[in-house]
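Report on the structure given below.
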Amino acid sequence: MDDFDVVVVGAGPAGAAAALAARRAGASVLLLDKAGFPRDKPCGDGVAPHTLDVLAGLGLTGVEDGFAPVPSLRLVGPAGGAVARRHARPAYTIPRLVLDGRIADGAVAAGAVLRRHTVRRIEERPDRVVVDGVVSARAVIGADGAYSMVRRTLGQPPNGPGHLALAIRGYAPFAGQPAEQRIVTTSREWPAYAWAFPIGDGTANVGYGEVLHGRPISRAHLLDRLAELLPDVDTAAATGLRAHHLPLSTRRPPPARGRLLLAGDALSLINPFTGEGIFYAVLSGALAGAAAAGPSEPGARYAAALKARLGRHLRHSRAAALLGGRQWIVNAAVRAADRRQAVFDDLIELGLGDGTLTPRTVGAIARHVVTR
């Protein structure tokens, strides 16, 4: 039986970041993924600078090389009002085909062993965890997505209606369009929005998503809404159209039990305010990898680190999602952000990073609610 200090199931951003962190702590690491690399994952591909900060802290830089920074964001509210402002720091659009491969390559370069393998069985023992009867480890990190096998081992079901979104994404021609991220919300099927994130090569990642509420949603519905909300983009010419589920952080399982830890989508770490998940994935993976490499109680160490680092933010993002369920509040937030750069910056930090609902932003939104 092969023996490692840490086994990571899933080699996406969460899993590869976990492997990097565990290797930096001196642990031997086996990184498992059911797919070979390079491989695509349906996603909006938006990469906030916060993600690059975490990766740099793990010793990995340059994942954005070759991709133009996107300096601005345009947000259209459900009533049609809009705000367009520059980011405090530019974001990037990096296709997951590239991003995931670069982070996984960084983990391998740091000494992790990457194998293609589909995990089917995990057995917890007093001092080890055994994976499929052939590999043992001191700790196992589940970074295996919305329908995580490691999460099922912990007895936790996937997210259900109200805490799960469905989105479709593709790549459409975008030459001649402004170099800005675009998010267009809609009063229909609320909360829901379409996006267009330029890559810098004349194309953009385009998509549409909405929160599931128990009724089936067809591919045709998703594509119709995408075309309606982005009328100046040739969405009919989009390639690589794939749908995916987003488990929202409003319904998270416990982050760990004993020697089993969850990170990224497996922990339902998708921002319910924006649908962003890559920053959460990389940050939670880094925290999980560091805790799993420790001498004892990896689960408890990880839960404490995650709470200290993200606990307050997750409470605020949940509150923002609850408030955002009321369209008139979102319309007021758009007006407030259009009036003040500081409010815009606060909302970006809350939606793409680990920011909070600051008093100045709450006050500004409240004033626009009163005057609406």
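Brief remarks follow.
- Restricting attention to region 207-231, the residues that are surrounded by 18 or more Cβ atoms within 10 Å (Cβ to Cβ) and in a helix (DSSP H, G or I) add up to 5.
- Just one residue in the set Ala35, Ala22, Ala68 is surrounded by 16 or more Cβ atoms within 10 Å (Cβ to Cβ), touching a residue at least 40 places away in the same chain (Cβ under 8 Å) and among the aliphatic types (A, V, I, L, M); that residue is Ala22.
- Total residues in region 157-183 satisfying the condition of being farther than 16 Å from Pro198 by Cα and either without any contact (Cβ under 8 Å) to a residue 24 or more places away in the chain or in a loop (DSSP other than H, G, I, E, B) (or both): the figure is 7.
- With respect to the conditions (1) in contact with a helix residue (DSSP H, G or I) (Cβ under 6 Å, 6 or more places away or on another chain); (2) over 24 Å from Gly44 (Cβ atoms), Arg120 lacks only one, and its number is (1).
- Pairs, first over 18 Å from Leu352 (Cα atoms) in region 282-303, second open to solvent by less than 10 Å² (accessible area, probe 1.4 Å) and hydroxyl-bearing (Ser, Thr, Tyr), C-beta under 6 Å, six or more apart: Ala288/Tyr302; Ala291/Tyr302
Results for (1) without any contact (Cβ under 8 Å) to a residue 40 or more places away in the chain; (2) within 18 Å of the chain's Cα centre (by Cα); (3) open to solvent by 20 Å² or more (accessible area, probe 1.4 Å); (4) under 25 Å from Tyr208 (Cβ atoms), shown as yes or no for each residue.
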residue	(1), (2), (3), (4)
Val6	no, no, no, no
Ala11	no, yes, no, no
Ala17	no, yes, no, no
Val29	no, no, no, no
Pro49	no, yes, no, no
Gly59	no, no, yes, no
Val63	no, yes, no, no
Ala88	no, no, yes, no
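- Complete set of residues in region 340-361 that are in a helix (DSSP H, G or I) and open to solvent by 10 Å² or more (accessible area, probe 1.4 Å): Gln341, Ala342, Asp345, Asp346, Leu347, Ile348, Glu349, Leu352, Pro359, Arg360
- Search result, residues across region 1-33 that are part of a loop (DSSP other than H, G, I, E, B) and in contact with an Asp or Glu (Cβ under 8 Å, 6 or more places away or on another chain): Gly10, Ala11, Gly12, Ala27, Ser28
- Condition check for Gly142 on (1) within 19 Å of the chain's Cα centre (by Cα); (2) open to solvent by 40 Å² or more (accessible area, probe 1.4 Å): one failure, at (2).
- Residue count for region 232-246 satisfying the condition of being assigned to a loop (DSSP other than H, G, I, E, B) and either of a type in the set (Asp, Glu) or more than 14 Å from Trp195 (Cβ to Cβ) (or both): 2.
- Number of positions in region 100-152 that are outside any strand (DSSP E or B) and not aromatic (Phe, Trp, Tyr): 34
- For region 154-189, the tally of residues that are within 22 Å of Asp33 (Cα to Cα) and either open to solvent by 40 Å² or more (accessible area, probe 1.4 Å) or at pLDDT below 95 (or both) stands at 4.
- On inspection, Gly66 passes the criterion of being at pLDDT 95 or above and part of a loop (DSSP other than H, G, I, E, B).
- Given (1) free of Cβ contacts under 8 Å to residues at least 60 places away in the same chain; (2) surrounded by fewer than 20 Cβ atoms within 10 Å (Cβ to Cβ); (3) farther than 29 Å from Val7 by Cα; (4) small (Gly, Ala, Ser), number of the condition Ala194 does not satisfy: (2)
- Qualifying positions in region 1-42 - under 11 Å from Asp100 (Cα atoms) and basic (Lys, Arg): Arg39, Lys41
The values are calculated or read from the model by the stated rules, or taken from the named source; none is laboratory data. Computed from a prediction, not measured in an experiment: that's the story for all the values here. Ideal geometry is used to build each Cβ from the backbone, glycine not excepted, and the neighbour counts take in all protein chains shown. Heads up: the accessible areas ignore ligands, DNA and RNA and are worked out on the full protein's heavy atoms, side chains in. Shrake-Rupley method; radii C 1.70, N 1.55, O 1.52, S 1.80 Å.
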